Amino acid sequence: MKVLVLGARGMLGCDVLRAAEDAGHEVRGFGHTELDITDPDALRSRFELDRPDAVINCAAWTDVDGAEDDPEGAQLVNGTGAGNVAAASAAIGARVIYVSSDYVFDGTKDDDYIESDQTGPISVYGQSKLAGEVATATANRRSFIVRSSWLFGVNGPNFVDTMIRLGQTQGQVLVVHDQVGTPTYTWHLAYGLVRLLDSDAFGLHHMAASGSCSWYEFAKEIFRQADMDVVTLSATTEMFGAKAPRPAHSVLVSEIQHAIVLPPWQDGLSSYLAQKKNTETEGEN
Ligand SMILES: NC(=O)c1ccc[n+]([C@@H]2O[C@H](COP(=O)([O-])OP(=O)(O)OC[C@H]3O[C@@H](n4cnc5c(N)ncnc54)[C@H](OP(=O)(O)O)[C@@H]3O)[C@@H](O)[C@H]2O)c1
């Protein structure tokens with residue numbers, strides 16, 4: 001299949017590019033400066049030229065707190081931009097994947113979230129991602145909308161690296177204990193997305209690692225696996241006073257038969273730490 005990846009220089013996009021190549025697809029990736037998803041004419045011309053069979057849209061405004069100050073900016077990329085990508089794909093008969101987020105939920109459900117649950121974003125970012133879901137589904141009937149959560153990977157700044165850096169420099173960290181979700185390794189998600197592309201299971205999919213934890217529990221596991229002795233103190237969301245509200249509980253599970261299941265988050269973490277170690281060793285040699 002001829003696959004085009006947008007947002008291909010981002011944390012997930014880089015891994016999606018490689019995973020699609022590994023699967024034997026003919027792949028082209030475009031970063032923000034190469035192809036801007038808010039420019040429908042540029043998308044149309046590029047797609048007409050390349051004639052991909054499938055487009056994976058990893059381009060997004062991902063600054064959750066920054067979105068509160070610039071709702072139009074976030075909506076333009078995550079909502080309107082996603083619709084542009086889906087429409088340009090539909091125009092050449094290509095299928096499209098839109099990557100969405102657990103932040104489309106309000107986090108008040110007592111249980112994990114399934115695809116048919118009522119959405120109710122509590123942040124501007126979450127609203128813009130939900131708008132992108134609707135715009136994608138409306139513009140392209142051969143679309144997959146894939147919600148994932150708490151991503152970490154080697155191609156971008158992430159929570160794991162922040163914890164390790166703080167642990168090394170301060171020996172003590174304060175971490176939120178009242179937000180529960182699922183840390184997902186981008187490499188595992190990238191493989192899941194590429195597998196999904198081969199199917200005709202269009203529509204909404206939840207695809208996060210298996211299991212769940214709070215940010216505090218995630219930090220404890222990072223230090224355990226990295227063999228670091230760091231005092232980990234638990235905090236409340238309120239103590240941090242972040243600009244954007246976050247869902248308290250946003251664990252994603254799938255109600256779809258034969259859903260693609262990703263490995264447990266602890267396995268994602270160990271694979272990530274091993275991959276980082278390899279990259280660092282290669283850099284030294
Ligand atoms: N990170 C998470 O925890 C998380 C959780 C759930 C879902 N997601 C979703 O997963 C997807 C990938 O996220 P990520 O973590 O890989 O984010 P990321 O590293 O910030 O990558 C997003 C990429 O999109 C690019 N981009 C921004 N505006 C664009 C535009 N107008 N046109 C083309 N490209 C544009 C960015 O380029 P510049 O940086 O140069 O602007 C960046 O390279 C997003 O849809 C996100 O909403 C993320």
Every residue from the range 137-162 that is more than 11 Å from the ligand (Cβ to nearest atom), touching a strand residue (DSSP E or B) at 6+ places or on another chain (Cβ under 7 Å) and part of a helix (DSSP H, G or I): ALA137, VAL160
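Looking only at the range 105-136, how many residues end up being part of a loop (DSSP other than H, G, I, E, B) and farther than 20 Å from PRO247 by Cα?
So the count comes out to 0.
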Residue satisfying all of: in the range 163-220; more than 14 Å from the ligand (Cβ to nearest atom) and among the hydroxyl-bearing types (Ser, Thr, Tyr); surrounded by the fewest Cβ atoms within 10 Å (Cβ to Cβ) among these: THR169
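Every number here is computed from the coordinates shown, using simple stated rules; none is lab data. Every value quoted in this text rests on a predicted model; they were computed, and no experiment measured them. Counting neighbours? That spans all protein chains shown, and the Cβs are built from the backbone with ideal geometry, glycine included.
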